[in-house]
1. Using 0.36 nm times the number of residues separating S12 and S40, minus their current alpha carbon distance, what extension gain do you get?
2. Arranged by the count of other C-beta atoms within 10 angstrom, fewest first, what order do H75, H173, H159 take?
3. Arranged by the count of other C-beta atoms within 10 angstrom, fewest first, what order do R184, R112 take?
4. Kindly list the residues of region 19-61 that lie in the label zone of V87, defined by a backbone N under 12 Å from the point 7 Å along the Cα-to-C-beta vector.
5. Given R₀ = 30 Å, what would the calculated FRET efficiency be for T126 paired with S103, taking r from the Cβ atoms and rounding to 0.05?
6. For the pair A154 and K199, how long in nm is the line joining their label points, each one 7 Å along Cα→Cβ?
7. Using the Karplus curve 6.51 cos²θ - 1.76 cosθ + 1.60 with θ = phi - 60°, work out ³J(HN,Hα) for each residue of region 44-49 in order, rounded to whole Hz, and write x for Gly and Pro.
8. Going 7 Å from the Cα of N71 along its beta-carbon direction, which residues of region 158-189 have the amide nitrogen within less than 14 Å of the resulting point?
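Rule-based calculations on the coordinates, nothing more; no lab input. Predicted, not measured: the structure shown is a model, and the values here were computed from it. Here the Cβ positions follow ideal geometry from the backbone for every residue, glycine too, while neighbour counts run over all protein chains shown.
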Amino acid sequence: MAYYEDFGEYVSNAQKKARAARAAKKVSKKRKLQPACPESYAIAHTWWGKSWIRNLEGYADYSSRLPRGRNYVRHGAVIDLAIESGVVNALVAGSAEEPYEVSVTIAPLNARTRGRLVKNCRASLTGLPALLSGEFPKDLEKKFLARGDGLFPAPREIHFDCTCPDWASMCKHVAAALYGAAVRLDEKPELFFILRGMKIEDFVGKVLKEETDDLLGKAKKKSSRRLSSGDVSRLFGEG
């Protein structure tokens with residue numbers, strides 16, 4: 001019996017995984033790959049990865065276009081993904097012999113929003129680990145996740161391109177790359193700030209300065225403790 005999906009012949013999950021594995025093996029002979037493969041069905045597990053997905057799925061423009069991308073990323077189709085300043089570049093295995101090249105451009109956070117969030121962040125955060133782990137006050141979390149006025153990009157700030165022939169405004173390969181970005185943010189949340197054109201130090205500048213000053217103060221005290229000749233004598237049991 002024949003089955004059809006997306007105007008093509010049905011492909012089982014096992015076949016999709018095998019196809020992705022073949023594509024990755026072929027490309028890996030030419031370059032080093034950084035696949036974005038979820039560790040489980042949930043795709044993301046950290047605050048940054050989950051929040052990235054929650055933000056994307058919260059927009060009606062994207063909600064109907066993303067499901068196929070979820071399936072793709074779960075099957076290991078995102079065989080390579082890199083996050084750089086303002087862009088997510090990915091290779092996504094599909095029905096063609098060669099993987100499709102996907103580019104997702106993210107606009108930098110505007111100066112007004114950045115200034116407001118940096119100010120709130122410096123006043124609330126206890127340190128860099130708290131920021132990267134998502135362990136910060138709920139009030140700050142709400143400001144980070146504010147629709148269209150927080151840290152995460154709105155559809156108008158996201159532009160994408162794919163080498164596949166799909167005429168849809170967001171093809172499944174682009175959707176897969178967007179979910180793949182969540183996987184990468186799970187691994188390295190600091191990449192989020194690079195993606196949005198920000199310096200992570202700006203968000204914890206005051207905290208880091210205080211921590212650095214404290215460490216320098218302790219180091220200075222420690223270095224000032226010189227051993228006198230009497231101390232040396234006592235140390236070796238003399239005198």
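1. 8.2 nm
2. Fewest-to-most ranking of H75, H173, H159: H159, H75, H173.
3. R112, R184
4. In region 19-61, the label zone of V87 (backbone N under 12 Å from the point 7 Å along Cα→Cβ) covers no residue.
5. 0.20
6. In this crude label model, A154 to K199 measures out at 2.8 nm.
7. 10, 10, 8, 4, 5, x
8. 172-173, 175-176, by backbone N distance to the label point.
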